[in-house]
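Chemist: Dropping a structure here in C-alpha cells format, bear with me for questions.
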Amino acid sequence: MDLVPTPDGSVSSAVPPAAPPTAERPAVTASGAQTPGLKAVDKDTTAGVLFGVGAYGLWGLLPLYFFVLQPAGAVEIVANRVVWSLLFCALLVTVTRAWRVLGAAFRNRSVLGTLTLAAVLIAVNWLTYTYGVTTGQAVETSLGYFINPLVSVLLGVFVLKETLRPLQWAAVGIGFIAVAVLTYSYGKLPWIALTLAVSFGLYGFVKKRVGPKVGAVTGLTVETVVLTPLAAATMIFLGVSGSATLASHGAGHFWLLAASGIITAVPLMFFGASARRLPMTTIGLLQYFAPVLQFIVALAVFQEAMTLERWIGFGVVWLALLVLTVDMLTTARKNSAARRLSLREARTDT
C-alpha cells in the first residue's frame with residue numbers, strides 16, 4: 001500500500017514533491033551552473049527524521065495525557081477530542097486558506113461518503129484505544145498497533161488482491177501464532193488489540209480510496225464535522241446526567257480536555273512535514289516508534305503486569321515485524337538499484 005496510517009487517525013500518501021538535489025543529480029542555479037546538493041539533502045532528511053520522531057513520539061506518549069485526564073472516562077475524552085479538534089481544524093483551514101477545498105470535499109458525494117465511513121472507523125479506534133488506556137490495559141493497546149502492519153498486509157491480499165512475497169507470508173503466519181499465544185496468556189481473545197488493528201487497517205484502506213483528492217487537514221476536518229453532532233450530544237448528555245468532568249474538576253482539568261484539539265493536530269502536522277521529506281521505507285520504520293513508547297509507558301509508568309506467556313506472545317509479534325521489516329528493506333534496496341540502473345541506461349542511450 002502507498003499510504004501510511006498514523007495513530008491519530010490520519011493517513012498520508014507520503015508522496016514527496018519533486019526529488020531534491022543529490023550527489024548524482026546536483027542542483028542547478030539560475031545561471032545554469034551546477035552546485036552540489038548533498039548538504040541540502042542531508043539537512044532535509046535530518047529535519048524529516050526529527051519531525052517523524054516528534055509525531056510518533058507524541059502519539060506514543062498519548063497514554064500519559066489520558067492518565068492526567070482522570071477521572072474522565074473514554075466516552076467523555078473522545079467526545080471532547082472531536083469537538084475541540086473541530087475548533088482547531090477550523091483555525092488550521094483558515095490559516096491555510098483552504099475553505100474552498102473543504103467546501104469542494106463536502107460537495108463531492110463520493111469523497112464525503114468515503115470520509116464518513118472513515119470517521120466511523122476512527123471513532124471506533126479512538127474509543128477502543130482510550131478505553132484500553134483508561135482501564136489499565138495500555139499494554140494491549142500497544143499490541144494493537146504492533147499488529148496493525150500485519151493487518152494491512154492481509155487487507156492487501158483479500159481486498160486489493162495483491163500477491164505477497166514469501167517473507168510477507170512468513171510474517172503473517174508468525175503473526176497468527178502470536179495471536180494464539182496471546183489468547184492463551186490472556187485467557188481470552190485480545191479483543192482490544194484486534195479491534196484497534198482491524199479498525200485502523202480498514203481506516204487506512206478507506207482513506208486510500210479517497211487518495212490524493214483530500215489533504216490531511218481537509219480530511220481530518222471533514223471527519224471531525226461528521227462526528228461532531230454525536231460528540232456534542234454526548235457531551236450535553238454527560239453534563240445533564242452529572243457524569244461530565246469538563247466543568248466540575250477545576251480550570252486545569254477543563255483546559256487539559258480543551259487542549260485535545262491541539263494534541264490531535266500538532267502530531268499530524270509533524271507527520272505531514274516528515275512524509276514530505278522522507279522515503280516510504282523510513283516512514284514505515286518510524287511508525288514502530290509509537291507502540292514501543294506506549295509499551296514502555298504501560299510497564300514503567302502504569303506498572304501493568306506482564307506474565308511470561310505475554311512476553312513470549314509479544315516476542316513472537318516482534319519476530320513477525322522483524323521479518324516484515326527485512327522484506328521491506330530488501331524490496332526497497334532492489335527497487336532503488338533498479339531505478340539507478342534504469343537511469344544509467346537512459347543516460348547511455350542519450
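Chemist: Only one residue in Thr264, Thr330 is touching a residue at least 40 places away in the same chain (Cβ under 8 Å), of a type in the set (S, T, N, Q) and over 30 Å from Tyr65 (Cα atoms), so which one is that?
Modeler: Thr330
Chemist: Okay, next question. Being among the small types (Gly, Ala, Ser) and closer than 28 Å to Leu329 by Cβ is the filter here; which residues of region 257-297 pass it?
Modeler: Scanning region 257-297 gives Gly272, Ala273, Ser274, Ala275, Gly284, Ala290.
Chemist: Based on what the data block shows, is Gln294 farther than 17 Å from Val78 by Cβ and without any contact (Cβ under 8 Å) to a residue 60 or more places away in the chain?
Modeler: No: the conditions fail for Gln294.
Chemist: Might you let me know whether region 308-325 holds any residue that is open to solvent by 40 Å² or more (accessible area, probe 1.4 Å) and among the acidic types (Asp, Glu)?
Modeler: Yes, there is a match, as at least one residue in region 308-325 is open to solvent by 40 Å² or more (accessible area, probe 1.4 Å) and among the acidic types (Asp, Glu).
Chemist: Could we say that Leu285 is outside any loop (DSSP other than H, G, I, E, B) and open to solvent by less than 50 Å² (accessible area, probe 1.4 Å) here?
Modeler: Criteria not met by Leu285.
Chemist: Out of everything in region 152-165 that is assigned to a helix (DSSP H, G or I) and without any contact (Cβ under 8 Å) to a residue 24 or more places away in the chain, what residue ends up being surrounded by the fewest Cβ atoms within 10 Å (Cβ to Cβ)?
Modeler: Phe158
Chemist: Turning to a different aspect of this structure: Report, by residue number, each residue of region 326-350 that is under 25 Å from the mean Cα position of the chain (by Cα) and open to solvent by 100 Å² or more (accessible area, probe 1.4 Å).
Modeler: Answer for region 326-350, where residues must be under 25 Å from the mean Cα position of the chain (by Cα) and open to solvent by 100 Å² or more (accessible area, probe 1.4 Å): just Arg333.
Chemist: While we're looking at this one, here's another question. I want to confirm something. Restricting to region 119-138 and keeping residues that are within 26 Å of Met328 (Cβ to Cβ) and not hydroxyl-bearing (Ser, Thr, Tyr), which single residue is surrounded by the fewest Cβ atoms within 10 Å (Cβ to Cβ)?
Modeler: Going through the qualifying residues, I end up with Leu121.
Chemist: Checking the structure you have, find out if any residue of region 236-256 is within 23 Å of the chain's Cα centre (by Cα) and either crowded, with 17+ Cβ neighbours inside 10 Å or of a type in the set (A, V, I, L, M, F, W, C) (or both).
Modeler: For region 236-256, residues within 23 Å of the chain's Cα centre (by Cα) and either crowded, with 17+ Cβ neighbours inside 10 Å or of a type in the set (A, V, I, L, M, F, W, C) (or both): present.
Chemist: Does Thr141 qualify as being open to solvent by less than 20 Å² (accessible area, probe 1.4 Å) and of a type in the set (S, T, N, Q)?
Modeler: Considered against the rule, which asks whether it is open to solvent by less than 20 Å² (accessible area, probe 1.4 Å) and of a type in the set (S, T, N, Q), Thr141 comes out as yes.
Chemist: Mind checking which pairs have a first residue in region 228-253 that is part of a helix (DSSP H, G or I) and a second that is hydrophobic (A, V, I, L, M, F, W, C) and open to solvent by 60 Å² or more (accessible area, probe 1.4 Å), Cβ under 8 Å, 6 or more apart or different chains?
Modeler: Note: pairs meeting the criteria are Thr234/Val75; Leu238/Val75; Gly239/Ala247.
Chemist: Select from region 91-118 the residues that are within 26 Å of Ile262 (Cβ to Cβ) and not in a helix (DSSP H, G or I) and write down the one among them that is least open to solvent (accessible area, probe 1.4 Å).
Modeler: Ranking the candidates gives Ala98 first.
Chemist: Just for region 293-307: of the residues that are of a type in the set (Val, Ile, Thr) and open to solvent by 30 Å² or more (accessible area, probe 1.4 Å), which one is farthest from the chain's Cα centre (by Cα)?
Modeler: Across region 293-307, the extreme among qualifying residues is Thr307.
The values are calculated or read from the model by the stated rules, or taken from the named source; none is laboratory data. Keep in mind it's a predicted model, so treat the numbers as computed, not measured. Positions of Cβ are generated from backbone atoms using ideal geometry, with glycine treated the same way; all protein chains shown enter the neighbour counts. Remember, those area values only see protein heavy atoms, side chains included, never the ligands or the DNA or RNA. Shrake-Rupley method; radii C 1.70, N 1.55, O 1.52, S 1.80 Å.
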